[in-house]
Amino acid sequence: MSYKSEEQLSQLRDVTPHGLKGTFRTFGVLGNHDYGKKWSEQPVADEITSILEDSGVKILGNTQRESERLNIIGFENFWALNFAPYKVMRDYDVDKANIILCHNPDVCDLNVWKDHKGWILSGHTHGGQCKPPFLDPPIVPVKNENYSAGKVNLKDGRTVYVNRALGHIMQVRFNVRPEITVFVLDREEDRLV
C-alpha cells in the first residue's frame, strides 16, 4: 500500500480481517510505502503494523519467531527508518530451519547474512509492472536488476524469491501478472528444508 491519507488506514482495517492466513501462523514485513511519505513516517508504519497484527499477521521488524520448528526472520525495510539486520542476525542459529523475509531484494548484496544458507523471500519490484514480451522490464526499483521477479540462485547457498505481488505503484500492469506465491515445505531428516 502506498500511504497517502488516513482514509487508507481505515480501508486497511476493513479488508485485513478477510485476508488469507497461514495454517499455523502468518508473518510479514513492512514495505517501503508502509512508512508513509518519503518512507519516513514512523507513526504510519506503527499504525499499519497494529492493524495487521490485530488481524493475525505478525510483523517482524529486525526480529525472528519460531513456528512449528520453522524460524522466520524479518528485516525492517531497507529504505525506511529502522533497517538493522545485524540486530536479528547476531542471534542467527544455523542449526534451525530459517527463512528470511526481506522486502527489498537489494539487501541480498549487502554483507549482513552471517552463515545463512537458504531462502530469502522478497518483493518490492512488482516484477517491473510493465515489460515488453521476451525482454526484461525497463524499470525496476532496485539497484541489482537481476532481482526483478522470481527465483534467483545467489550461488552461495542462498536463494531469493522476488514476488510480483498484487499491487502497483501506477495503475497499470503489462505482461507482468499479479502473483500470490505458495511454497510447500518438505520435511527432510526431521528438518524443514
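I need to check one value: relative contact order of the chain, counting alpha carbon pairs closer than 8 Å and at least 6 residues apart, in percent.
On the way: 357 pairs, mean separation 28.9, N = 193.
Once normalised by length, the contact order is 15 percent.
Using θ = phi - 60° and the Karplus relation 6.51 cos²θ - 1.76 cosθ + 1.60, list the HN-Hα couplings for segment 112-122 in order, rounded to whole Hz, with x at every Gly or Pro.
With the stated coefficients, segment 112-122 comes to 10, 8, 6, 9, 5, 10, x, 8, 10, 9, 9 Hz.
In the P(r) worked out for segment 132-193, what percent of Cα pairs fall beyond 14 Å? Show your work: numbers first, answer last.
Numbers: 1298 of 1891 pairs.
Looking at segment 132-193, the distances longer than 14 Å represent 69 percent of pairs.
Tell me, what ³J(HN,Hα) does each residue in segment 167-183 have, in order and in whole Hz, if you take phi through Karplus 6.51 cos²θ - 1.76 cosθ + 1.60 with θ = phi - 60° and put x for Gly and Pro?
Here the 3J(HN,Hα) series is x, 7, 8, 9, 7, 7, 9, 9, 6, 9, 5, x, 9, 10, 9, 10, 9 Hz.
Could you pull out every residue, at least 5 positions away or on a different chain, whose amide H is within less than 5 Å of the one on ARG158? Hs are placed 1.01 Å off N in the peptide plane, and Pro or chain starts have none.
Long-range HN contacts for ARG158: GLY118.
Can you spot the lysines whose alpha carbon is less than 16 Å from LYS21's alpha carbon? Ignore those fewer than 8 places along the same chain.
LYS58
Sum up the lysine pairs in segment 72-193 that clear both bars: alpha-carbon distance under 20 Å and a spacing of 8 or more or different chains.
The number of close lysine pairs in segment 72-193 is 12.
Give the long-range amide H neighbours of LYS58: residues separated by 5 or more places, or on another chain, with amide H under 5 Å away, using H modelled in the peptide plane at 1.01 Å from N.
Amide H neighbours of LYS58: THR26, PHE27, GLY28.
Computed FRET efficiency, Cβ-Cβ of THR16 and ASP156, R0 41 Å: what is it to the nearest 0.05?
Numbers: r = 36 Å, r/R0 = 0.89.
According to the calculation, E is roughly 0.65.
Computed from the coordinates by the stated procedures, all read-outs in this text should not be read as laboratory data. What you see is a predicted model, and the numbers here were worked out from it, not measured in a lab. Cβ coordinates were reconstructed from backbone atoms using ideal geometry, including for glycine residues, and neighbour counts include every protein chain displayed.
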